[in-house]
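Colleague: My questions all concern the structure below.
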Amino acid sequence: MDMISALASMRALIDFTKVAVAARDDHQIAQVEQRLTRVLLDVTSAGLELQQKVQAGIDTERALKDRVRELEEQVADLVKRAAERERYKLAPLSEDVFALALKEECAGTDPHHHLCQPCMDNRGKKATLQRKTKGFMIYLTCPECSYDYPTGKGVSTQRQPLNYPSMGRF
Ligand SMILES: [Zn+2]
């Protein structure tokens, strides 16, 4: 029984009680006692049910607020990552080998460098490529995924001219 029905029963019982008392009828007064006990149980039950619904509403609201906070944090993180990603452009390191190069106009005080594109775009990791030599060849290696990007340059004393303007210096 919900609270409204319980209160309606209570009102009907009050009317019945008035009649019973006015008539001074012991049998009706005994009925009033029984009905009063039932109505009190109904009111108590309806009160508990209402309390549970209110608590469920509070729990739902709290869960929704937590979810909204999580989503706001995720959006802020995505906006920050998108802004950081905008600072870089895909650029060739050697023939058909590409990495993310810092745009000159976005460099600020950062030195020219390259990032691993799969780590940045697929895993959200900003991994600055580091120079590495294998044999006589120079590579740029990713500290996150350990991929070695061939630069097409050797470690000979004679430097090759840069064919790719965005390559910068290794
Ligand atoms: Zn990587």
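The values are calculated or read from the model by the stated rules, or taken from the named source; none is laboratory data. All figures in this text were calculated on a predicted structure; none of them were measured in a lab. Backbone-built Cβ (ideal geometry, glycine too); neighbour counts: all protein chains shown. Heads up: the accessible areas ignore ligands, DNA and RNA and are worked out on the full protein's heavy atoms, side chains in. Shrake-Rupley method; radii C 1.70, N 1.55, O 1.52, S 1.80 Å.
Colleague: Let me have the relative contact order for the stretch 3-83, percent, based on Cα pairs under 8 Å that are six or more residues apart.
Modeller: Reported as a whole number, the value is 32 percent.
Colleague: Can you give the charge dipole size of the stretch 87-167 about its Cα centre, rounded to the nearest 20 debye, using +1 on the beta carbon of Lys and Arg and -1 on the beta carbon of Asp and Glu?
Modeller: 200 debye
Colleague: A further question on this structure: For the chain, take the longest principal axis of its alpha carbons; what is the angle in degrees between that and the long axis of helix 3-23, to the nearest 10 within 0 to 90?
Modeller: The angle comes out at about 10 degrees.
Colleague: Tell me, what is the FRET efficiency for residue 105 and residue 80 to the nearest 0.05, using R0 = 22 angstrom and their Cβ-Cβ distance as r?
Modeller: With R0 = 22 Å, the Cβ-Cβ based efficiency is 0.70.
Colleague: Related question: If you place +1 on the Cβ of every Lys and Arg, -1 on the Cβ of every Asp and Glu, and leave all else neutral, what size is the dipole of the stretch 3-83 about its Cα centre, to the nearest 20 Debye?
Modeller: With only Lys, Arg, Asp and Glu charged at Cβ, the dipole is about 140 debye.
Colleague: Same structure again: In nm, what is the difference between 0.36 nm times the number of residues separating residue 69 and residue 7 and their Cα-Cα distance?
Modeller: Contour length minus Cα-Cα distance gives 18.3 nm.
Colleague: Kindly provide the helix-only [θ] at 222 nm of the chain, computed as the sum of -39,500 (n - 2.57) over DSSP H runs of four or more divided by all residues, to the nearest 500 deg cm²/dmol?
Modeller: About -18500 deg cm²/dmol.
Colleague: Among the lysines, which have Cα under 23 Å from the Cα of residue 53 when same-chain residues fewer than 8 positions away are ignored?
Modeller: 65
Colleague: Still on this structure, I have one more. Looking at the chain as a GNM with Cα springs under 10 Å, which of 60, 37, 151 has the largest mean-square fluctuation?
Modeller: Greatest mean-square fluctuation among the candidates belongs to 37.
Colleague: If you don't mind, another one. Return the FRET efficiency for the residue pair residue 21, residue 44: r is the Cβ-Cβ distance, R0 is 25 Å, and the value is rounded to the nearest 0.05.
Modeller: Efficiency for this residue pair is about 0.55.
Colleague: Which of the listed residues, 16, 122, 139, is farthest toward the dipole's positive end in the chain, when Lys, Arg count +1 and Asp, Glu count -1 at the beta-carbon?
Modeller: 139
Colleague: Let me ask something else about it. Round to a whole number: what % of the accessible area of the chain belongs to carbon and sulfur, probe 1.4 Å?
Modeller: 55 percent
Colleague: Something else about it: With every protein chain present, what is the per residue accessible area of the chain (1.4 Å probe, Å²)?
Modeller: Solvent-accessible surface per residue comes out at 71 Å².
Colleague: A follow-up question, please. A 18 angstrom limit on the alpha carbon distance is what I want to check against. Which of 80/126; 80/125; 125/153 exceed it?
Modeller: 125/153
Colleague: Taking a cut-off of 19 Å between Cα atoms, list the aspartates and glutamates near residue 18, but don't count ones fewer than 8 places away on the same chain.
Modeller: Once the sequence-local aspartates and glutamates are set aside, what remains near residue 18 is 26, 33.
Colleague: Also, I was wondering about something else. Could you give the size of the charge dipole of the chain about its Cα centre, using +1 on the Cβ of each K and R and -1 on the Cβ of each D and E, expressed in debye and rounded to the nearest 20?
Modeller: Roughly 980 debye, rounded to the nearest 20.
Colleague: Find which of 71, 88, 44 sits farthest along the positive direction of the dipole of the stretch 31-94, computed with +1 on the beta-carbon of Lys and Arg, -1 on that of Asp and Glu, about the Cα centre.
Modeller: Result: 88, furthest along the dipole toward the positive end.
Colleague: Test of understanding: in a Gaussian network model of the chain with alpha carbons linked when under 10 Å, which of 74, 28, 51 would top the mean-square fluctuation ranking?
Modeller: Answer for the Gaussian network model of the chain: 28.
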